[in-house]
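Here is the structure we will look at.
The values are calculated or read from the model by the stated rules, or taken from the named source; none is laboratory data. None of these values were measured; they are calculated from a predicted model. Here the Cβ is made from the backbone with ideal geometry for all residues, glycine too, and neighbour counts use every protein chain on show. Areas reflect the complete protein model, heavy atoms only, side chains present, ligands, DNA and RNA absent. Shrake-Rupley method; radii C 1.70, N 1.55, O 1.52, S 1.80 Å.
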Amino acid sequence: MAANTQLNTARPTSDTQVASSSISPEARRFLRHVTAATAFGGGLDGFDLGIISVVILHINHDLGLSPAVEGLVGAASLLGIFIGAPLFGFLTDKFGRRKMFLVDIIAFIIIGVGQAFATGGISLAILRFLLGMAIGAEYSIGAPMLSEFAPARERGSKLAFLELCWRIGFLIAVLLGYALLWLGVSWKWILATSAIPALIVLGLRIGLPESPRWLLRHGHEAEARQVVETHMGPEYFDAEDLAAESVSGEGYRKLFRAGQRRRTIFVCIFWTCIVTPYFAIFTYAPKVLESLNVKSEAAGTILSNAIGVVGAVVGVLAIDRIGRRRMLIGPFWIQTAVLLIVGLWTNAPSWVLVVGLAAFALVNSYSDILTAVYPSEIFDTDIRSSGVGFGSAASRVGAFLGTYLLPLGIETIGIKWCMVIAAALCVVGAVTGQSMAPETMHRPLTKTATGKLSHA
């Protein structure tokens, strides 16, 4: 499959857009099953990362953590994602989506329960790190798995739904966490609640087939056709251009070759610039709001995350209508303006600052759905999980540093300059999107991941 992998930033023309195949009711039910098994995993990831933001101050109080250890506990899962995402991305491309899908969720259940038995800050940080590895695996497996089954015209909204579920999971964690704290439940058991929804996800994943695109890339054409015919209908194979998939053995190094390297750089930069400010601010939302002199930290945290869910809903509805580029570039500039206002006007009335952070959550979540869409669309099948994993790992370097350094930053340079730095990251994201972001809407994966994208 020789191809020019240079990114093209134009929108697709109507003659290059593909029509989705007519999907039978049975195939529609199967797609809902795959989407649920994947999206609920994303919600579980959001739940786990959200629950720590509620109990981190209580952990600090009970264990007497230093600012450095507090930052390590809060950011350990992000460091785990940095290791787990590329590692399991590589393993998923090598051994298949289905096997890793089950291994990951089983590990999540075991480690999630283990948090209830943490005896100190370091042991909890280790468990959070291991759980982060499982979350990183989820990023590398889930979105590629779903993208390889979803029809082209629905792919954007289905992948975006993963991020919506992530936001919903985060919000549920915040609400449940505050409710359990009010009831007097220990923070250890609050952290361990993530194992309950994980059991549901495990049930959804048992019995799912292997991705037919992965099977084709590994020379199992007969099995791939059988999967498609059984679950999607025989016409799906040609309608979604699966015949263009070919056996490829180049592997992980393909991410860094000339031409493909530009795609890898784009994913790493835009993903980092979206998630770093979000994780830093909302992992320590109570501390940030306290530093901004907002009296009701719980109300501010809940409001901001609820509005984030609204932003993700709008994004899901828009992704297959207005295209990817427009959802990326403009929101970065809006986030820049909001963060500068919040940072430079720290003596503003509380309601102004809460509205500012809520506006940031709204716009950030609207464009954040692209972190599930773009990486799965612009990497080829043989490196799709590896590419998603590498991009996720790169983004978590920024997220880890931001989350780890924020408590120290508030103590040293103050909340004002922390917000200014976050705004600067959004500027980098906007410029990167303007110069590098392709338009992939309504194209089959064999066209978005290889070949030069058509000009408008």
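Observations on the model:
- Residue in the stretch 35-48 that is without any contact (Cβ under 8 Å) to a residue 12 or more places away in the chain and either within 26 Å of residue 206 (Cβ to Cβ) or within 15 Å of the chain's Cα centre (by Cα) (or both) present: no
Yes/no matrix, rows are residues, columns are (1) over 18 Å from residue 198 (Cα atoms); (2) out of contact with any His (no Cβ under 8 Å at 6 or more places or on another chain):
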residue	(1), (2)
89	yes, yes
93	yes, yes
101	no, yes
111	no, yes
116	no, yes
126	yes, yes
138	no, yes
152	yes, no
174	no, yes
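- Unique residue being over 17 Å from residue 51 (Cα atoms) and not aromatic (Phe, Trp, Tyr) when the list is 134, 179, 116, 143: 143
- Condition met for residue 65 (open to solvent by 10 Å² or more (accessible area, probe 1.4 Å) and not in a helix (DSSP H, G or I)): yes
- Top-ranked residue in the stretch 242-265 [being part of a loop (DSSP other than H, G, I, E, B) and within 14 Å of residue 381 (Cα to Cα); ranked as modelled with the highest pLDDT]: 245
- Single residue of the stretch 93-118 satisfying the filter (assigned to a helix (DSSP H, G or I) and small (Gly, Ala, Ser)) that is nearest to residue 214 (Cα to Cα): 107
- Looking across the stretch 315-330, the residues that are under 17 Å from residue 433 (Cα atoms) and either of a type in the set (Val, Ile, Thr) or open to solvent by 10 Å² or more (accessible area, probe 1.4 Å) (or both) come down to 319, 322, 325, 326, 329, 330.
- Within the stretch 316-370, the set of residues being closer than 16 Å to residue 422 by Cα and among the charged types (D, E, K, R) comprises 368 only.
- The set of residues from the stretch 183-196 being crowded, with 21+ Cβ neighbours inside 10 Å and more than 10 Å from residue 55 (Cβ to Cβ) comprises 193, 194.
- Single match in 306, 312, 318, 337 (criterion: in a helix (DSSP H, G or I) and in contact with an Asp or Glu (Cβ under 8 Å, 6 or more places away or on another chain)): 312
- The set of residues from the stretch 163-172 being modelled with pLDDT of 90 or more and not β-branched (Val, Ile, Thr) comprises 164, 165, 169.
- The residue pairs whose first member lies in the stretch 103-130 and is surrounded by 23 or more Cβ atoms within 10 Å (Cβ to Cβ), whose second member is in a helix (DSSP H, G or I) and among the hydroxyl-bearing types (Ser, Thr, Tyr), and whose beta carbons are closer than 8 Å, counting only pairs six or more residues apart or on different chains, are 128/77.
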